[in-house]
């Protein structure tokens, strides 16, 4: 009798993770158009982010379509609705308790950029507060951060294809963006990197897959375990080299 109890207890313990994975069929997977991490080319969604997420879902046998939508809408859904997944999201202290996190999948360096004609080659954070305008992604992590620090000169943008033209045309004095996106967008638009320069480095940003707090924790744990396995077996590094090596 005791052996039967141990047998069925073992069956229950083994079955719990798989019941969580089957529940992942209810997940809504979302991202934004923000090259080079996630971007639409023709009718295809490309970039390191989608490749990592698709690989995770394949390995977990829990494949779902990925929806591309505006950042603020996707962010609000993930913040307020159950079973929502959004990538890639910068993990910050302000956001920590609002989501469940899987990652990191990528780390980037953030800078304030300006026109190469700007008279200064380096500025302080306080000097940045005094410029005419800072272009920053609407609703993004750094919009939230700078707003909390008392910046009142933020110029939020939602169209990722327009921010460089806005900077170069003088609509903003500074542009806050990561180095990988700047390099990709300048090449994509046929612009020389000599047209702009970084004048202030911010902290490194770590990008994660964010799950809504209404998602079953065992699903999140399964995704994290599989991502860790991808890092150990080299799959994650291979994807990064394919998409982010200049």
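The values are calculated or read from the model by the stated rules, or taken from the named source; none is laboratory data. It should be emphasised that the depicted structure is a prediction, and the values quoted were computed from it without experimental measurement. Because the Cβ atoms are built from the backbone with ideal geometry, glycine has one as well, and the counts that use them run over all protein chains shown.
Here are a few things to note about the model shown:
- The lone exception for residue 107 - which of (1) part of a strand (DSSP E or B); (2) surrounded by 17 or more Cβ atoms within 10 Å (Cβ to Cβ) it fails: (2)
- Region 222-236, subset in contact with a helix residue (DSSP H, G or I) (Cβ under 8 Å, 6 or more places away or on another chain) and in contact (Cβ under 8 Å) with a residue 12 or more places away in the chain, residue surrounded by the most Cβ atoms within 10 Å (Cβ to Cβ): 223
- Test: residue 128 is surrounded by 15 or more Cβ atoms within 10 Å (Cβ to Cβ), at pLDDT below 95 and over 17 Å from the mean Cα position of the chain (by Cα): no
- Candidates 237, 224, 185, filtered to the one that is part of a helix (DSSP H, G or I) and assigned by TED's automatic domain parsing to the domain that holds residue 161: 185
- Only one of the numbered conditions (1) in contact with a helix residue (DSSP H, G or I) (Cβ under 6 Å, 6 or more places away or on another chain); (2) crowded, with 19+ Cβ neighbours inside 10 Å; (3) within 22 Å of residue 117 (Cβ to Cβ) is violated by residue 196, and that is (1).
- All positions within region 69-90 that are in a loop (DSSP other than H, G, I, E, B) and surrounded by fewer than 17 Cβ atoms within 10 Å (Cβ to Cβ): 69, 70, 81, 82
- Checked against (1) on the phi < 0 side of the Ramachandran plot; (2) surrounded by fewer than 17 Cβ atoms within 10 Å (Cβ to Cβ); (3) touching a residue at least 40 places away in the same chain (Cβ under 8 Å); (4) part of a loop (DSSP other than H, G, I, E, B), residue 93 meets all criteria but (3).
- Any hit, region 37-45, residues being under 14 Å from residue 85 (Cα atoms), part of a loop (DSSP other than H, G, I, E, B) and modelled with pLDDT under 95: no
- Single condition residue 155 does not satisfy, out of (1) part of a helix (DSSP H, G or I); (2) crowded, with 18+ Cβ neighbours inside 10 Å: (1)
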